[in-house]
1. Given 20 °C and 1.002 mPa s, how large is the Stokes-Einstein diffusion coefficient of the range 22-98 in µm²/s, with Rh as the Kirkwood radius over Cα pairs?
2. Could the peptides 65-76, 19-30 be put in order, highest first, of the mean number of other beta-carbon atoms found within 10 Å of their residues?
3. Sorted from largest down, what three extents in whole angstroms do the Cα atoms of the range 1-51 have along their principal axes?
4. Taking the chain as the reference, fit the longest principal axis to its C-alpha atoms, fit the long axis of helix 3-17 to the helix C-alpha atoms, and give the angle between the two in degrees, 0 to 90, nearest 10.
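What follows is calculated from the coordinates using simple rules that are stated; it is not laboratory data. Just so you know, these numbers come straight off a predicted model, no measurement behind them. FYI the Cβ positions are ideal-geometry reconstructions off the backbone, even for glycines, and counts take in every protein chain you see.
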């Protein structure tokens, strides 16, 4: 993928996820964060970092990243208890995914 195409994908990512009230990242197959919304950046997931190196090993337990790439299908889980995590393939870009978490509000 050329730089212009990647820049367009990053722009589309930011239009969709910059106001999302949870962490969202555009990640490549090598676990490198290519784009992140402000919430994710605040948690250390800045562009250029390897997502699996942020946080504790427990926070990455039951990660569905590899399964999403193996199957090409969206994945989700409730592994952390207070959030639903999603891994979504990016149509037309088999080496990319969007990973985000919807944090459940305390009522």
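1. Values: Rh = 12.6 Å.
For the chosen part, D equals 170 µm²/s.
2. On the way: 65-76: 13.9, 19-30: 18.2.
For the peptides 65-76, 19-30, the packing ranking is 19-30, 65-76.
3. Principal extents (largest minus smallest coordinate, Cα): 29, 23, 12 Å.
4. For 3-17 against the chain, the angle is about 30 degrees.
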